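Read through the structure below, which is laid out as structure tokens, and then see the notes.
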Amino acid sequence: VLMKPGPLSPEERCIMERHPEIGCQIVAHIDFLQDALPVIRHHHEHWDGSAYPYGLQQEDIPLLARIFSVVDAFDAQANVRPYNTSPSIQKALASIQAHRGTWFDPRAVDAFVEMLADLASAHKIDGVFA
């Protein structure tokens, strides 16, 4: 389902929205991954409470899950995927910033943008993160 090139059917969307819990079940028995379970479980929650699996919002979403959600969304939009055949770092960054305060924790977005700008500056990359 995650590799389907087109829109998901309602049934496929239901399956896809179960992947955080399925991921937790897969790694739940691995001792050294116990601290990662909240990140796995909640990385698709939105800051405004509009997402899944539990509709958590703002500070109720574990901090590391809020941070990871920004990175995960950026990665999905900046790289080739079946549903994203023309990735763009600029578009991915613009999308993250457009959802600051709705899907994403504003502080996580600000820190991510600052980190990318610092990386671009350190590597003398012009225009990528402008």
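Residue-wise test of (1) open to solvent by 100 Å² or more (accessible area, probe 1.4 Å); (2) within 13 Å of residue 68 (Cβ to Cβ).
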{"residue": "3", "(1), (2)": "yes, no"}
{"residue": "13", "(1), (2)": "yes, no"}
{"residue": "16", "(1), (2)": "no, no"}
{"residue": "20", "(1), (2)": "no, yes"}
{"residue": "25", "(1), (2)": "yes, no"}
{"residue": "29", "(1), (2)": "yes, no"}
{"residue": "34", "(1), (2)": "no, no"}
{"residue": "44", "(1), (2)": "no, yes"}
{"residue": "53", "(1), (2)": "no, no"}
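Would it be correct to say that residue 64 is open to solvent by 70 Å² or more (accessible area, probe 1.4 Å), in a helix (DSSP H, G or I) and hydrophobic (A, V, I, L, M, F, W, C)?
So residue 64 passes the test.
Just checking, which of 75, 35 is within 19 Å of residue 2 (Cα to Cα), free of Cβ contacts under 8 Å to residues at least 40 places away in the same chain, part of a helix (DSSP H, G or I) and not aliphatic (A, V, I, L, M)?
On inspection, the qualifying residue turns out to be 75.
The values are calculated or read from the model by the stated rules, or taken from the named source; none is laboratory data. These numbers were taken from a predicted model, which means no experiment stands behind them. Counting neighbours? That spans all protein chains shown, and the Cβs are built from the backbone with ideal geometry, glycine included. Heads up: the accessible areas ignore ligands, DNA and RNA and are worked out on the full protein's heavy atoms, side chains in. Shrake-Rupley method; radii C 1.70, N 1.55, O 1.52, S 1.80 Å.
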